[in-house]
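One structure below.
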Amino acid sequence: MLTTLEKVLFFFILTGSMGYFLWRTWLLIRLVRMGKRDPECRTEHLPARVGGMLADVFLQRRVLRKPVTGLFHLLIVWGFFVFAVNTINHFAGAFFPGFHLFGETALANHYTMLADLFAVLILAGVLGLAIRRYLFRPAGLTPRSVESAIVFFFIGGAMAAYLLNNAVEIAINTHEGVGHHIVAGRLAALFGGMTEIPLRVLGHAAWWCDAIMHLMLIALLVIPTKHLHLAAGPLNLLFKRSRPCAQMVKMDLEDENASSFGVSRIEEFSWKQNLDLFACIECGRCSTHCPTAITGKALNPKEFIVGLKHHLLETGPDTLAAQGSDTKKDGINGKNLIGDAVSKDAVWSCTTCGNCVEHCPMGIEHIDKITDMRAHLVLMQSDFPPEASGTFRNMETAGNPWGFAPEERANWAEDMNVPVMMEKKRADILWWVGCSGAYDERCKKISVAMAKILNAAGMDFAILGKEERCNCESARRLGNEYLYQTATREIIETLNKYEFRRILTTCPHCYNTFKNEYPLFGVDYEVIHHSEFLEELMAAKRLQTVPPSIRNTTVFHDSCYLGRHNGIYDAPRKVLESAGCALVSFREEKKGALCCGAGGGHMWLDEAGESIAGHRTEELLSSGAAGIAAACPFCITMLTDELKKSGSATGVLDIAEIIALHITP
C-alpha cells in the first residue's frame with residue numbers, strides 16, 4: 001500500500017526509533033542493576049514464581065479486587081498482548097505487503113477476528129478508565145494527570161487508527177480476508193460513497209497514524225512514563241519476596257568494609273527496590289488504604305514511590321557515570337534522597353502496617369525502603385524524633401521502653417501461681433509476657449487473664465520474670481538496628497539456659513520477632529500467639545466455660561502484625577465465637593483493617609494531626625457492635641485511649657480477657 005518514498009521514510013523512522021528504544025531500555029536496565037545485591041534470593045522456586053506471575057498478569061487477581069476498575073484494566077492488558085502480533089504485522093507489512101505472523105492459516109483468520117474485537121474492548125477500557133479518572137476521580141489518583149491523558153490518547157488512538165486503516169483498505173478492495181474483520185468490515189460501509197483517490201489518501205493517513213501510535217506506545221514504555229509498568233510490573237511480580245512480609249533484613253554491623261549503614265543514596269537500594277519504582281502504575285491503592293495518608297500525615301505511599309522513581313531517573317545517569325570514582329556525594333545534582341526526593345517527615349510517618357504492600361497490584365515493597373532510610377538516619381546521623389531518644393535509652397539500660405526496674409517486671413504476677421523459669425528450669429511453654437503485659441496498667445489485666453487461663457487449663461508453663469527484657473522490635477523499625485541486635489543476643493543467651501517446647505506470646509510484635517526474625521540469628525523457636533493457643537485449648541476442651549446469658553455483639557479489630565503480616569485472621573474469631581460472642585462483620589476488617597497507629601515504633605512517638613487510632617475507633621464503632629475485641633496490647637492501649645476521649649460507653653477487651661470471664665471456677 002505504501003509508496004516507495006513512504007517505505008524509505010518509514011524505514012528510517014523505524015530504525016531510528018528502534019535504536020532509541022534499545023538505548024533507553026539499556027539505560028533503564030542499568031539503573032535497576034545499579035542497586036546493590038538483594039539480600040533475598042529472588043529466583044528460588046522459579047516455576048512457582050512464573051506461575052504466580054502469569055496468574056497475576058493474565059487474570060489480574062490483585063487488580064480485580066476492585067471489580068469495575070479491574071475489568072477495564074483487564075481488557076487493556078489482554079489487548080496489549082493481542083496487539084503485540086498486530087504491531088509486528090503492521091511494521092513488517094510496510095515492506096512485505098500482506099505479511100502476517102501466522103501466515104495464510106486459519107489461526108491468522110481467527111486472530112483477525114480477535115484483534116477487531118479487542119480493538120473495541122480496549123477502547124471501552126480506555127474510555128471507562130478515563131471517565132473514572134477525570135469525572136469521578138477517586139482520592140488516590142493524581143488530579144488532572146497529563147501523563148495519564150497522553151497514555152489514554154495513544155492507546156485509544158492506536159485502536160481507532162487500526163480500525164480506520166483496515167476499514168479504508170476494505171472500502172477500496174485492497175484487503176484480504178474481509179469477512180474476518182468483524183468490526184472494520186462494518187465500518188467500511190461508512191466510506192462507501194467516497195471515490196478512490198480520497199479513500200487512498202485517507203488510507204495512507206490511517207496507516208501512518210496506526211504506525212506512529214504504536215511507536216509512541218513503545219516510546220511511552222522507555223521514556224519512561226508509568227506505562228512502563230506493562231514491562232516492569234510482570235518482572236516485579238516474578239521477583240516478589242518469598243520471605244515473610246514483616247521480616248526485616250539483618251544488617252551486618254560487623255562488616256569492616258561497610259562505609260555506611262542503611263540507605264541515604266539511591267544506589268544503596270537493592271536492584272529489586274529499584275525495579276519496584278519502575279513497576280508503579282500510580283493507581284493510588286496504596287494511598288487509599290494507608291493510615292498515614294488517610295489521616296493527612298506527611299507520608300503518601302504513592303507519592304513516596306513516585307518521588308523515588310523521579311529521583312532515580314534524574315540522578316541515576318550521573319550516578320552511573322560517577323561509578324568507579326573515589327568520591328561519593330550525598331546528593332547528585334544537588335538533590336538528596338532524604339529531604340528532596342522524599343521528605344524526612346514522610347520517612348518517620350510510616351507505621352509499617354503493610355496495607356500498602358497488601359493492596360499494591362504490582363507487588364511493590366514500600367516498607368523496606370522506609371526502614372532502610374530510617375536506619376541510616378539513626379545509625380549514621382543520630383537523626384530521629386526527639387521522643388525516641390528516651391525510649392532507646394530506656395530499652396538499652398532498663399530493658400523496657402518506660403525505664404521501669406527489671407525487678408518489677410513480674411510484680412503483676414504476685415499471688416497468681418505463675419512459675420518462673422529461673423526456679424523451674426524447664427517447662428512445656430515459655431510464656432513471653434512482653435513489656436506492655438508486665439508494666440502497662442491496662443495490659444497487665446491481659447496478663448492476669450492469661451495466667452488464669454493457663455492455670456485453669458493445667459498447662460506446664462513459666463515466665464522469665466526479671467530475666468525478660470524488651471526485644472526492641474520497635475527500636476528496630478525506628479532504625480536502631482544496633483540496639484535490636486544487642487537485645488537479640490542477650491535474649492538468645494537467656495533462652496539458651498532453659499528447656500521449653502514453644503514460646504507463647506500475647507503480643508503480635510513479639511510473635512513476629514521470634515517467629516520470623518530470630519531465625520536470621522541462628523535460632524528457630526516454635527512460637528504461638530495466644531489467639532491460636534486459645535483456639536487449641538477450646539478445641540481440645542481444656543477449658544470449661546459458661547456461655548453468657550446474652551450473646552453480645554462484638555467486632556474484632558485485626559492487628560497488623562497478627563493479620564496482614566502473619567495471616568492469622570480466623571483463630572481469634574473462633575475463640576470469640578466459642579466464648580459466646582456474636583461477631584459483627586464489616587468492610588474494614590481482615591486484610592482491609594486499618595492500623596491502630598502504634599506500629600513501626602509509633603507507640604513511642606508523638607502524633608501530629610488526626611489520630612490514626614481515633615479514625616480506626618470510629619470505624620469500629622460504626623459497625624454497631626456492643627463491644628470491641630482485639631489481640632494485641634498496642635491495639636488495646638490505643639483503642640482504649642480513643643474510646644475514653646470520645647466518651648463512648650463501648651469497651652475494648654483482649655480475647656484472653658473475654659475467655660477468662662467465662663471460665664468456670
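Which of the residues spanning segment 383-421 are assigned to a helix (DSSP H, G or I), out of contact with any helix residue (DSSP H, G or I) (no Cβ under 6 Å at 6 or more places or on another chain) and surrounded by fewer than 16 Cβ atoms within 10 Å (Cβ to Cβ)?
If the condition is that a residue be assigned to a helix (DSSP H, G or I), out of contact with any helix residue (DSSP H, G or I) (no Cβ under 6 Å at 6 or more places or on another chain) and surrounded by fewer than 16 Cβ atoms within 10 Å (Cβ to Cβ), then 386, 387, 389, 390, 393, 397, 408, 411 are the ones that fit.
Working only within segment 453-484, note down all residues that are of a type in the set (A, V, I, L, M, F, W, C) and either in contact with a helix residue (DSSP H, G or I) (Cβ under 7 Å, 6 or more places away or on another chain) or not in a helix (DSSP H, G or I) (or both).
Once the filter is applied, which keeps residues that are of a type in the set (A, V, I, L, M, F, W, C) and either in contact with a helix residue (DSSP H, G or I) (Cβ under 7 Å, 6 or more places away or on another chain) or not in a helix (DSSP H, G or I) (or both), segment 453-484 yields 453, 457, 459, 461, 462, 463, 464, 470, 472, 475, 478, 483.
Any idea which of 233, 284 is more than 22 Å from residue 37 (Cα to Cα) and not assigned by TED's automatic domain parsing to the domain that holds residue 485? Lay out the reasoning, then the answer.
Details: 233 fails: more than 22 Å from residue 37 (Cα to Cα).
Checking each option against the conditions leaves just 284.
For segment 485-527, give me each residue that is open to solvent by less than 10 Å² (accessible area, probe 1.4 Å) and part of a strand (DSSP E or B).
Result: 503, 504, 505.
Does residue 144 satisfy being farther than 19 Å from residue 159 by Cα, modelled with pLDDT under 90 and part of a helix (DSSP H, G or I)?
no
Which of the residues belonging to segment 169-192 are part of a loop (DSSP other than H, G, I, E, B) and modelled with pLDDT of 85 or more?
If the condition is that a residue be part of a loop (DSSP other than H, G, I, E, B) and modelled with pLDDT of 85 or more, then 181, 182, 183 are the ones that fit.
Any residue at all in segment 469-492 that's free of Cβ contacts under 8 Å to residues at least 12 places away in the same chain and either charged (D, E, K, R) or in the same structural domain as residue 444 (by TED's automatic domain parsing) (or both)?
no
Step by step: first the residues of segment 440-452, then only those that are surrounded by fewer than 23 Cβ atoms within 10 Å (Cβ to Cβ) and in contact with a helix residue (DSSP H, G or I) (Cβ under 9 Å, 6 or more places away or on another chain), then the one that is nearest to residue 544 (Cα to Cα). Which residue is that?
Per the stated criteria, the residue is 452.
Go through segment 624-646 and report how many residues are among the polar types (S, T, N, Q) and under 27 Å from residue 505 (Cβ atoms).
Of the residues in segment 624-646, 2 are among the polar types (S, T, N, Q) and under 27 Å from residue 505 (Cβ atoms).
Of the residues 268, 254, which is open to solvent by 40 Å² or more (accessible area, probe 1.4 Å) and either out of contact with any Leu (no Cβ under 8 Å at 6 or more places or on another chain) or closer than 15 Å to residue 35 by Cα (or both)?
Criteria check complete, one pass: 254.
Any residue in segment 70-97 that's in contact (Cβ under 8 Å) with a residue 24 or more places away in the chain and farther than 19 Å from residue 210 by Cα: show its pairings with residues that are outside any loop (DSSP other than H, G, I, E, B) and among the polar types (S, T, N, Q) at Cβ separation under 8 Å, as long as the two are six or more apart or on different chains.
Every condition considered, no pair remains.
Scan segment 114-143 and report the pairs whose first residue is over 15 Å from residue 162 (Cβ atoms) and in the same structural domain as residue 160 (by TED's automatic domain parsing) and whose second residue is among the acidic types (Asp, Glu) and outside any loop (DSSP other than H, G, I, E, B), with Cβ atoms within less than 9 Å and a gap of 6+ or a chain change.
Hits for this filter: 142/303.
Return yes or no: is residue 558 of a type outside the set (Phe, Trp, Tyr), open to solvent by 60 Å² or more (accessible area, probe 1.4 Å) and assigned to a loop (DSSP other than H, G, I, E, B)?
no
Looking only at segment 169-183, decide whether some residue is under 30 Å from residue 22 (Cβ atoms) and assigned by TED's automatic domain parsing to the domain that holds residue 11.
Among the residues of segment 169-183, not one is under 30 Å from residue 22 (Cβ atoms) and assigned by TED's automatic domain parsing to the domain that holds residue 11, which makes the answer no.
Out of 455, 480, 471, report the one residue that is out of contact with any Asp or Glu (no Cβ under 7 Å at 6 or more places or on another chain) and open to solvent by 40 Å² or more (accessible area, probe 1.4 Å).
Result of the check over 455, 480, 471: 455.
The values are calculated or read from the model by the stated rules, or taken from the named source; none is laboratory data. Here the structure is a predicted model, which means the values were calculated and not measured. Using ideal geometry, Cβ is built from the backbone for each residue, glycine included, and neighbour counts are taken over all protein chains shown. Keep in mind that these areas ignore ligands, DNA and RNA; they rest on the heavy atoms of the full protein, side chains included. Shrake-Rupley method; radii C 1.70, N 1.55, O 1.52, S 1.80 Å.
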